[in-house]
Amino acid sequence: MNEFQIATKIYFGIDSLKYLSRLKYKRAFIVTDPFIIQSNIINKISTHLENAGISYKIFTEVVPNPPVSSIVKGIKAFTESYNLLPDVIIAVGGGSAIDTAKGICFFRQYFTKEGILKDDNAPRFIAIPTTSGTGSEVTDYCVITDEKTGTKHVLVDDIMVPDEAILDIELVKTVPPTVTADTGVDVLVHAIEAYVSVKASDFTDALAQKAIELVFDYLPIAYKNGKDEVARTKMHHASSLAGMAFFNTGLGINHGMAHAVGAKFNLSHGRANGILLPHVMRYNSCLQEMQDKSVRAAERYAQIAEFLGISGKTSKEKVEGLIKQIEDLLKEVKIPNNFKDAGISYSEYMSSVSELAVEAINDKCTATNPKVPLQFEIEELFKTAFSE
């Protein structure tokens, strides 16, 4: 038996932030990063809360690749915010802010079970993304980093699914081109991995297909002109569509590898995903050995090529055409060709390959990859992705 669910209610369109003025809560706990404060973006949130008569406290100790220590600080701030606990958590920012808020929701339940927190009423959770990439506003995924080992851990739990998400493009118009590219490529990888996942279904295919089409049509436009409202809107929607798809299907080895290398070398998650994508696609589709043999992943990639209008007489030709079009897109938005061009040291990288491969295989995302990976195969993929 399979299942499919969309658990988050989404508000989108012009002025969708006004939904905050309709909230009936008394105490809000806002999780965000220092940039949101410095840029005055937070005023777009706080004004509506004030209009609704909601008091609020702001936690700003969010950092990229959120570590366990930040989440612990967040839980402490959450419990000390009021005499009574906040009744709504509002995450404002990119993936790091939303993941930090999710971490607070996740670990808070254990503090409650141990009697450290007396109030067992879980707060409502609202996610407001300020980038178009992670899709975290509609998923039960959270990625946190162990500072001691540098390892990223993927948490999956229904308690981390936002109850509501607000997609307002006013918050993404000023995102710089580099971040637009990195997050947009992350959307593409989410959607492609969802489409070829072993848990893909007709329901998730529809979401993933639409997200893929939107990325190819609108990411270059949003990258070149961030003020283009149509492109920004479509990319914001694509991010959530891809998120809803992989929420139900899981991801794959592309994300498992990206988590490992991103944590080790402090590389942007979307950038790591983009560098790895062509290599992972060749590996999953068995292009080297394919010949006339039918490979499920290759057939799925070929279907993507077909709905993008990429021609070919065989599945192999269609997959090769799709990889070429992806490489052209990555070049257009200036994603590096390899990890060498991303500025990573050869000696440090190569000495870490075995460690990275083990982490990638053990990553929760890898479980739904269309091909079961062996450690030596992942090591070869990492080596190939360094300079080719």
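Restricting to the range 209-239, what's the tally of residues that are closer than 18 Å to Thr8 by Cβ and touching a residue at least 40 places away in the same chain (Cβ under 8 Å)? Write out each step before concluding.
Of the residues in the range 209-239, the ones closer than 18 Å to Thr8 by Cβ are 210-211, 236-239.
Going one step further and asking which of them are touching a residue at least 40 places away in the same chain (Cβ under 8 Å), we end up with 236-239.
Going through the range 209-239 one residue at a time, the tally reaches 4.
Would you tally the residues in the range 313-336 being touching a helix residue (DSSP H, G or I) at 6+ places or on another chain (Cβ under 8 Å) and modelled with pLDDT of 95 or more? Give the steps one after another, and end with the answer.
Here is the first cut: in the range 313-336, the residues touching a helix residue (DSSP H, G or I) at 6+ places or on another chain (Cβ under 8 Å) are 315-316, 318-319, 321-323, 325-327, 329-330, 332-336.
This time we only want the ones that are modelled with pLDDT of 95 or more, so: 318-319, 321-323, 325-327, 329-330, 332-336.
Adding up the residues that qualify gives 15.
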Note on Ala263: of the conditions (1) surrounded by 24 or more Cβ atoms within 10 Å (Cβ to Cβ); (2) out of contact with any Pro (no Cβ under 6 Å at 6 or more places or on another chain); (3) aliphatic (A, V, I, L, M), unmet is (1)
Among the residues that make up the range 320-332, is at least one of them under 23 Å from Glu213 (Cβ atoms), touching a residue at least 24 places away in the same chain (Cβ under 8 Å) and not in a helix (DSSP H, G or I)?
no
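Matching residues to (1) touching a residue at least 24 places away in the same chain (Cβ under 8 Å); (2) under 25 Å from Leu219 (Cβ atoms); (3) among the charged types (D, E, K, R); (4) in contact with a Pro (Cβ under 7 Å, 6 or more places away or on another chain):
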site	(1), (2), (3), (4)
Ile335	yes, yes, no, no
Met350	yes, no, no, no
Val353	yes, no, no, no
Lys364	yes, no, yes, no
Asn369	yes, yes, no, no
Val372	no, no, no, no
Lys383	yes, no, yes, no
Could you tell me which numbered condition Ser268 fails, if it satisfies all but one of (1) surrounded by 24 or more Cβ atoms within 10 Å (Cβ to Cβ); (2) under 22 Å from the mean Cα position of the chain (by Cα)?
(1)
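Checking the conditions here, which among Thr174, Thr149 is out of contact with any Phe, Trp or Tyr (no Cβ under 7 Å at 6 or more places or on another chain), under 17 Å from Leu267 (Cα atoms), at pLDDT below 95 and not in a strand (DSSP E or B)?
Working: Thr174 fails: under 17 Å from Leu267 (Cα atoms).
Only one candidate qualifies: Thr149.
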If you take the residues in the range 325-345 that are surrounded by 13 or more Cβ atoms within 10 Å (Cβ to Cβ) and of a type in the set (D, E, K, R), which one is nearest to Pro177 (Cα to Cα)?
Glu332
Taking Ile58 as the residue in question, decide whether it is more than 22 Å from Lys173 (Cβ to Cβ) and crowded, with 17+ Cβ neighbours inside 10 Å.
yes
In the range 346-382, the residues that are among the aromatic types (Phe, Trp, Tyr), exposed (fewer than 15 other Cβ atoms within 10 Å of the Cβ) and over 30 Å from Ala200 (Cβ atoms):
Tyr346
Going through the range 65-80 one residue at a time, which ones are without any contact (Cβ under 8 Å) to a residue 60 or more places away in the chain and surrounded by fewer than 19 Cβ atoms within 10 Å (Cβ to Cβ)?
Val72, Lys73, Lys76, Ala77, Thr79, Glu80
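Which residues, counting only those in the range 1-15, are of a type outside the set (S, T, N, Q) and either in the same structural domain as Leu85 (by TED's automatic domain parsing) or under 24 Å from the mean Cα position of the chain (by Cα) (or both)? So that I can check it myself, show each step before the final result.
First, pick out the residues of the range 1-15 that are of a type outside the set (S, T, N, Q): 1, 3-4, 6-7, 9-15.
Of everything in the range 1-15, those that are of a type outside the set (S, T, N, Q) and either in the same structural domain as Leu85 (by TED's automatic domain parsing) or under 24 Å from the mean Cα position of the chain (by Cα) (or both) turn out to be Glu3, Phe4, Ile6, Ala7, Lys9, Ile10, Tyr11, Phe12, Gly13, Ile14, Asp15.
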Checked the range 16-54 for anything of a type in the set (D, E, K, R) and either outside the structural domain of Thr79 (by TED's automatic domain parsing) or more than 28 Å from the chain's Cα centre (by Cα) (or both); matches are Arg22, Lys24, Lys26, Arg27, Glu50
Condition test on Lys24, is it in contact with a Pro (Cβ under 8 Å, 6 or more places away or on another chain) and surrounded by fewer than 17 Cβ atoms within 10 Å (Cβ to Cβ)?
no
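The values are calculated or read from the model by the stated rules, or taken from the named source; none is laboratory data. Predicted, not measured: the structure shown is a model, and the values here were computed from it. Glycine gets a Cβ as well: all are built from the backbone with ideal geometry, and neighbour counts include every protein chain shown.
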